[in-house]
1. Residues that are of a type in the set (Asp, Glu), exposed (fewer than 14 other Cβ atoms within 10 Å of the Cβ) and modelled with pLDDT of 90 or more: does region 22-41 have at least one?
2. Under 9 Å between Cβ atoms, at least 6 apart or on separate chains: pull out the pairs that start in region 85-107 with a residue that is within 20 Å of ARG65 (Cβ to Cβ) and end on any residue that is polar (S, T, N, Q) and assigned to a strand (DSSP E or B).
3. Look through region 151-208, keep the residues that are part of a loop (DSSP other than H, G, I, E, B) and among the small types (Gly, Ala, Ser), and return whichever of them is nearest to LEU121 (Cα to Cα).
4. Tell me, which residue of region 134-168 that is more than 16 Å from LEU96 (Cβ to Cβ), modelled with pLDDT of 95 or more and of a type in the set (A, V, I, L, M, F, W, C) is surrounded by the fewest Cβ atoms within 10 Å (Cβ to Cβ)?
5. Does SER111 count as crowded, with 20+ Cβ neighbours inside 10 Å and over 25 Å from ALA81 (Cβ atoms)?
6. Hey, among LYS208, LYS140, which residue is within 22 Å of GLN73 (Cα to Cα) and touching a strand residue (DSSP E or B) at 6+ places or on another chain (Cβ under 8 Å)?
7. Restricting to region 171-208, give me the number of residues that are out of contact with any Asp or Glu (no Cβ under 9 Å at 6 or more places or on another chain), modelled with pLDDT of 95 or more, under 17 Å from ASN102 (Cα atoms) and of a type in the set (Val, Ile, Thr).
8. So if I check each of LEU107, LEU95, LEU119, which one is in contact with a Phe, Trp or Tyr (Cβ under 6 Å, 6 or more places away or on another chain), modelled with pLDDT of 95 or more and under 24 Å from ALA181 (Cα atoms)?
Amino acid sequence: MARYTGPVCRLCRREGEKLFLKGERCYSDKCSISVRNYAPGQHGQGRKKNSEYATQFRMKQKAKRFYGVLENQFHMYFVEAERQQGVTGENLLRLLERRLDNIVYRLGFASSRKEARQLVLHNHFSVNGKKVNIPSYLVKVGDVIAIKENSLDSEKIKAVLEANGSRPVPAWLERNADAKAGKVINFPNREDIDTPVEESLIVELYSK
C-alpha cells in the first residue's frame, strides 16, 4: 500500500499553512509553521510569483496532503466526482470526507488523519459490526463506526480518547461517547466541510 513516509512538517511548510498532520504538536509552539514559516529547501525564503497553473497545482497538493492521499488515488476520486450529479468540486471533497480514516479523525477517535489511518490498519475499528481495516473505505449514510471491544483496553486508544474526547464533531456525524462509536447521519454539504481548499481551482487544473 503506497503512502508518504517523509517528514510531514515539510508538507505544511511547503503549503504555507498548518495541515494538522501531527496531532497535538500542530497546536503547540513546536509546530514548524510557527518556527519556520517558509517553504523548505535552499530557496524556500525566496520570493516567487505563482502562475495560474502553479496556484491550481498547489491547491491540488494541499487537498491531497490534508487527506493523506497520493496522486493516482486522488485522480480516481476526481474521475468519480465528475461522474456523479452535482458540482464536481463539492463531490470531490465529499468523497474524501467519506474515507474511513477521515471519519475516525472527525469523530475524535484519532489526533490526526495519519494516526487514524494507522489505527484503522491495525484493526481497531468496525463498521456495522464488521472489521474494516481499509483506510480508504467509503462510508455510507447510516453506517456505525465503532472501536472494537478488544481495542478498548489498549493504552494507545485510551490516550487518544482522553486527548480528543471533547473535540467538536461535524453536524453530519453523531458520536456516542459511552459506546465509543459514531454514526454517519448524512453526507456533508460544502458548508459542513472546514478544509481550507478552493476546490474550483482543482477542477480547473484537471479540466485543462
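The values are calculated or read from the model by the stated rules, or taken from the named source; none is laboratory data. What you see is a predicted model; the values in this text were computed from it and never measured. As a convention, Cβ positions derive from the backbone with ideal geometry for all residues, glycine included, and neighbour counts pool all protein chains shown.
1. no
2. none
3. Ranking the qualifying residues of region 151-208, first place goes to SER154.
4. Among those that are more than 16 Å from LEU96 (Cβ to Cβ), modelled with pLDDT of 95 or more and of a type in the set (A, V, I, L, M, F, W, C), it is VAL141.
5. So SER111 passes the test.
6. From the options LYS208, LYS140, the qualifying one is LYS140.
7. 0
8. Answer to the selection: LEU95.
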